[in-house]
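Working notes, structure below.
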Amino acid sequence: MNLQSILKSMDEEANEGKQAVMESITKAVQEGKELMKIEQGGNPLANQAKRNSEKPIYPSNITFIPSPFSVKINYVPETLLISTIKQEV
């Protein structure tokens, strides 16, 4: 429901970004190793092109939490009344 502080949210987003960068680096290293072994046969260029051109299949994202601002809330503002009693010491 996104009820966490902005600092925690930013920290989580930064960690997800770092994870994505590391996955991208790992993929580039694997593709580079495939190309280094091109003399062993196969067609790594065509295989990589095919893999990189296919659209990823994302899992369905069904959620039962309402999106922000989709729930209508009505309220009546009230005034605050504070009374004090001064005591003599």
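When only residues in the stretch 51-78 that are at pLDDT below 90 and among the hydroxyl-bearing types (Ser, Thr, Tyr) count, which is nearest to Gln4 (Cα to Cα)?
Checked the stretch 51-78; the qualifying residue nearest to Gln4 (Cα to Cα) is Ser67.
Per-residue answers, yes or no, for (1) touching a Cys at 6+ places or on another chain (Cβ under 8 Å); (2) open to solvent by 90 Å² or more (accessible area, probe 1.4 Å); (3) of a type in the set (Asp, Glu):
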| residue | (1), (2), (3) |
| --- | --- |
| Ser5 | no, no, no |
| Gly17 | no, no, no |
| Lys27 | no, yes, no |
| Glu31 | no, no, yes |
| Met36 | no, yes, no |
| Ser53 | no, no, no |
| Tyr58 | no, yes, no |
| Ser70 | no, no, no |
| Val89 | no, yes, no |
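Across the stretch 38-50, which residue is most open to solvent (accessible area, probe 1.4 Å) among those that are at pLDDT 90 or above and in contact with a helix residue (DSSP H, G or I) (Cβ under 9 Å, 6 or more places away or on another chain)?
Leu45
The values are calculated or read from the model by the stated rules, or taken from the named source; none is laboratory data. All values derive from a computational prediction rather than experimental measurement. Every residue, glycine as well, gets a Cβ built from its backbone with ideal geometry; the counts of neighbours run over all protein chains shown. Surface areas here come from the heavy atoms of the whole protein model, side chains and all, with no ligands, DNA or RNA. Shrake-Rupley method; radii C 1.70, N 1.55, O 1.52, S 1.80 Å.
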